[in-house]
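Asks: Dropping a structure here in structure tokens format, bear with me for questions.
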Amino acid sequence: MSLTSAYECISIANPVCLKFASIITLRIIMIITAQIMSKTGDYYSVQPCAKLLSILNNATELVERFPTCSALVLHSDTKAQAIVKADFADLPLGIMATLNESFGMAGWLALFLHAVGVEIYVGTLAFPHLSKLTLYSCILRHEKLSGCAKSAANDRWRLATRIPAIAA
């Protein structure tokens, strides 16, 4: 990633940059949540029988574990559903259920953490000598920060003298 694109990624206006890091955070949160759900033991997930059959690859085992899925096996009812216990120790269906149940919460939490993290970084840590509005306007215009500082020389803080030159 070049220096210019790194500065473009600081902006909330560029959601592409939030997406990549947010996926890693989402997966970490999902695994932690799945472990907590397994230890609690009170979570269940409703899953389509066709999905369960594709995971198990055995119709007999499917009907033994989930009697409601007999409608799929005997009558080809593709809308049949079964309740699966969300337990990380139950391979592979329990893991599927725990990860499916934790995905929505983990996605919103990861997005929130990254959005707030970017705001904190931009507002306080990255460029404390720039006003937030000046920084956002530079990023939206896709200017390098050094060029932006020169154009903001009439600002009351005289930003042009405080910003180090940024190499391209």
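The values are calculated or read from the model by the stated rules, or taken from the named source; none is laboratory data. It should be emphasised that the depicted structure is a prediction, and the values quoted were computed from it without experimental measurement. Every residue, glycine among them, receives a Cβ derived from its backbone with ideal geometry; neighbour counts consider all protein chains shown.
Asks: All but one of (1) more than 27 Å from residue 30 (Cα to Cα); (2) among the polar types (S, T, N, Q); (3) part of a helix (DSSP H, G or I) hold for residue 54; which doesn't?
Replies: The number of the failed condition is (1).
Asks: Out of 86, 80, I need the residue that is in contact with a helix residue (DSSP H, G or I) (Cβ under 6 Å, 6 or more places away or on another chain), modelled with pLDDT of 90 or more, surrounded by 12 or more Cβ atoms within 10 Å (Cβ to Cβ) and more than 29 Å from residue 29 (Cβ to Cβ). Which one?
Replies: 80
Asks: Another question, if that's okay. From the list 12, 23, which residue is at pLDDT below 90, outside any helix (DSSP H, G or I) and either surrounded by fewer than 18 Cβ atoms within 10 Å (Cβ to Cβ) or not aromatic (Phe, Trp, Tyr) (or both)?
Replies: None of the other options fit; the residue is 12.
Asks: Go through 70, 151 for me and flag whichever is hydroxyl-bearing (Ser, Thr, Tyr) and modelled with pLDDT under 65.
Replies: The conditions single out 151.
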